[in-house]
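Single-structure report; data block below.
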Amino acid sequence: FFSCLFFSTMYYPDARDDDYTNPSNPTPVVTPVGMQHNEYNYKHNGTPGPHGPHNHGMAPLRPAPSMPLGPPRHMSDPEREGPLCLQKFLNLNPNLVDIKKKRDSTLGWMRYIKAALFAYILISPMLAFIPTLGNEGWVVALAFIIMGVIMIYYVEFWCRAEIWWMCICRGLILDYKKTHELKMWTKHPVILTALVFMIFCGIMVGVGKDGSTWDQIVTGVLTVISLLFILKLCLSILALEAANRLLTVNLWMYFLDDPELLKGQGFKTIHQNELYRWYFEDFKKRGKRDFRWDELYMLADKAIPGQKEKWFWGFQISRQLRKYKDYDF
């Protein structure tokens, strides 16, 4: 009943031919969405069809013609065609004030506060275990050495994040090694170092506890469980391209398998292996002179097969790129 009532309101049963053929009386007819019943439809869609007798219905209609759309702007705009360079990026993206503020905040003094907070969260569980270790000073020293290694990794990956921000403000998307799946990060040295630290603390606390062997085992296992948050801390160091809920630019292009997704806006994707290959094999060998951002636009978006990954390159490159972060060439 309701369906019939609905469709009965979509047509005028007393529609007349002159309503559609007389230009002075272009009476519109209420029709389903997207189907414009007007003079054009009546003249060009044939005679009334099975909707009712003549003058009391409408023939099957087609949508009114629309203007053909041209190609997307990035395909038709001459500014967006041709090889990429820094000047083209600056022309296509003139408003960089806000993103530069974000870059400068990443490179600013807040990084020291965040490093101090990270170190405190990392060390604080160990403070409660120190009194249980007695006179075993070497145990405490070894634990702090392992935590020092984790802090070195923290500084390294923070510098890599700084490089990403400096590059994105110059039209370069730095593509890092992916860590969004379990198998991609479980064997990373940062995670292995954290596991060694957790197991070491569990053994030392368990052995230092008075009681039976079973009590020592339970204490050691509970200690390791209480330190599982360190894995999350170290994963936050490692996962540069991760986000809490949404996709980052890097993972967005990765899942779409299109490193040139933002080429029409002047962005160029380069791989991290290509960046440090350029730095150590080209820029550093020529005495770190004559830097131009356009050099980085020539780098590839994929790593060379069989190329070995270097460690602790972020600090060196970040220190150099800071000098040229606002260069326009």
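Miscellaneous remarks
- Flag if I191 is free of Cβ contacts under 8 Å to residues at least 24 places away in the same chain and farther than 21 Å from I304 by Cα: no
- Taking the stretch 80-107 as the range and being surrounded by 10 or more Cβ atoms within 10 Å (Cβ to Cβ) and modelled with pLDDT under 90 as the test, the residues that pass are R80, E81, L84.
- Considering residues of the stretch 149-193 that are of a type in the set (D, E) and surrounded by fewer than 20 Cβ atoms within 10 Å (Cβ to Cβ) only, the residue farthest from D98 (Cα to Cα): E181
- When the stretch 128-140 is limited to residues that are farther than 16 Å from D210 by Cα, surrounded by 10 or more Cβ atoms within 10 Å (Cβ to Cβ) and of a type in the set (A, V, I, L, M, F, W, C), the one that is modelled with the lowest pLDDT turns out to be A128.
Yes or no, residue by residue, for (1) part of a helix (DSSP H, G or I); (2) under 35 Å from the mean Cα position of the chain (by Cα):
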{"position": "K178", "(1), (2)": "no, yes"}
{"position": "K187", "(1), (2)": "no, yes"}
{"position": "V190", "(1), (2)": "yes, yes"}
{"position": "A194", "(1), (2)": "yes, yes"}
{"position": "G202", "(1), (2)": "yes, no"}
{"position": "G211", "(1), (2)": "no, no"}
{"position": "D215", "(1), (2)": "yes, no"}
{"position": "V218", "(1), (2)": "yes, no"}
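- Qualifying residue in the stretch 245-261 (condition: open to solvent by 90 Å² or more (accessible area, probe 1.4 Å), assigned to a helix (DSSP H, G or I) and not aromatic (F, W, Y)): yes
- Note on the stretch 262-314: residues that are in a loop (DSSP other than H, G, I, E, B), open to solvent by 60 Å² or more (accessible area, probe 1.4 Å) and closer than 16 Å to Q87 by Cβ amount to 2.
The values are calculated or read from the model by the stated rules, or taken from the named source; none is laboratory data. Everything numeric here is computed off the predicted structure, so don't read it as measured data. Counting neighbours? That spans all protein chains shown, and the Cβs are built from the backbone with ideal geometry, glycine included. Side chains included, ligands, DNA and RNA excluded: accessible areas come from the protein's heavy atoms. Shrake-Rupley method; radii C 1.70, N 1.55, O 1.52, S 1.80 Å.
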